[in-house]
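Visitor: Dumping the structure here so I can ask a few things about it.
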Amino acid sequence: MKPHSALFARRNVKVIAATASLLVAASGCSESEPSREYAAPTSLCGVSVDASEITPFLPGGRSISVREEKTLTRRGCDVSVDNKVVATVVREWVAAGKTTWYFVSMQTLDKFDKSTDSDRYVYSGNQAFGKTRTCKDPQNKQELYASIQFWDAKHKDADSMKSLIMDFTGEVEKTSECATGVSL
């Protein structure tokens, strides 16, 4: 081995060792996600949900709670993990003839580029919105919409959100308020 080759080899070993040390130190500084010590809910705002569909979007933590609020036209739930709101679920009566895109604009400023079923469902990796087909309030000329939004979710999966909102909207269509066409 030539003298200058040995010098470069020693220098490369030192650079590799220093880089490895920095990586080990940096990885020790990062916080890992806490384990999930709670069970995901099977009902949100009085509507059945498949806990396995929402679990990937929920963070780790010790406890989960669901706080519900109702008005004449809206029923919403805030889902909190360790007292931090991590998701919002809404069912809301909106003037007949509006679109899901209109409903989206009432719920968020985020931009969306995914929709299906002639724009009946609009979704992203962590938020989804849907319009029921059969839930109408003829007296007040309103139609029922649904939304599920996960705030700061590390897990993003547009296909799962699409499936979740389609299932959730289907369950909303089975509720008594939908069957009677009466506002919340």
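The values are calculated or read from the model by the stated rules, or taken from the named source; none is laboratory data. Because the structure is predicted, anything quoted here is derived from the model rather than measured. Ideal geometry is used to build each Cβ from the backbone, glycine not excepted, and the neighbour counts take in all protein chains shown.
Visitor: Find all pairs meeting these conditions: Cβ atoms under 8 angstrom apart; at least six residues apart or on different chains; first residue within the stretch 88-105 and among the charged types (D, E, K, R); second residue at pLDDT 95 or above and outside any strand (DSSP E or B).
Guide: These pairs meet every condition: ARG91/VAL172; GLU92/PHE103.
Visitor: If you take the residues of the stretch 127-163 that are under 14 Å from the mean Cα position of the chain (by Cα) and among the aromatic types (Phe, Trp, Tyr), which of them is surrounded by the most Cβ atoms within 10 Å (Cβ to Cβ)? Full working, then the answer.
Guide: Let us first name the residues in the stretch 127-163 that are under 14 Å from the mean Cα position of the chain (by Cα), namely 127-130, 146-163.
Adding the requirement that they be among the aromatic types (Phe, Trp, Tyr) leaves 129, 150-151.
Working: PHE129: 28, PHE150: 25, TRP151: 15.
Ranking the qualifying residues of the stretch 127-163, first place goes to PHE129.
Visitor: Further question: Which is among the polar types (S, T, N, Q) and closer than 15 Å to TYR38 by Cα, of ASN126, ASN83?
Guide: On the way: ASN126 fails: closer than 15 Å to TYR38 by Cα.
Checking each option against the conditions leaves just ASN83.
Visitor: Turning to a different aspect of this structure: Could you check ASP113 against (1) surrounded by 13 or more Cβ atoms within 10 Å (Cβ to Cβ); (2) modelled with pLDDT under 95 and say which number it fails?
Guide: (1)
Visitor: Turning to a different aspect of this structure: Kindly list, by first and then second residue, each pair from a residue in the stretch 52-69 that is under 12 Å from VAL86 (Cβ atoms) to a residue that is of a type in the set (Phe, Trp, Tyr) and part of a strand (DSSP E or B), limited to pairs with Cβ atoms under 6 Å and residues at least 6 apart or on different chains.
Guide: If the second residue must be of a type in the set (Phe, Trp, Tyr) and part of a strand (DSSP E or B), the pairs left are PHE57/PHE150.
Visitor: Among helices (runs of 4 or more DSSP H) lying entirely in the stretch 69-184, which contain 1 or more residues that are in contact with a helix residue (DSSP H, G or I) (Cβ under 9 Å, 6 or more places away or on another chain)? Walk me through how you get there before you give the answer.
Guide: Details: elements: 100-107, 158-172, 176-180.
Helices (runs of 4 or more DSSP H) meeting the threshold: 158-172, 176-180.
Visitor: THR100 fails exactly one of the following numbered conditions: (1) within 23 Å of ALA40 (Cα to Cα); (2) surrounded by 20 or more Cβ atoms within 10 Å (Cβ to Cβ); (3) among the polar types (S, T, N, Q). What is the number of that condition?
Guide: All conditions pass for THR100, except number (1).
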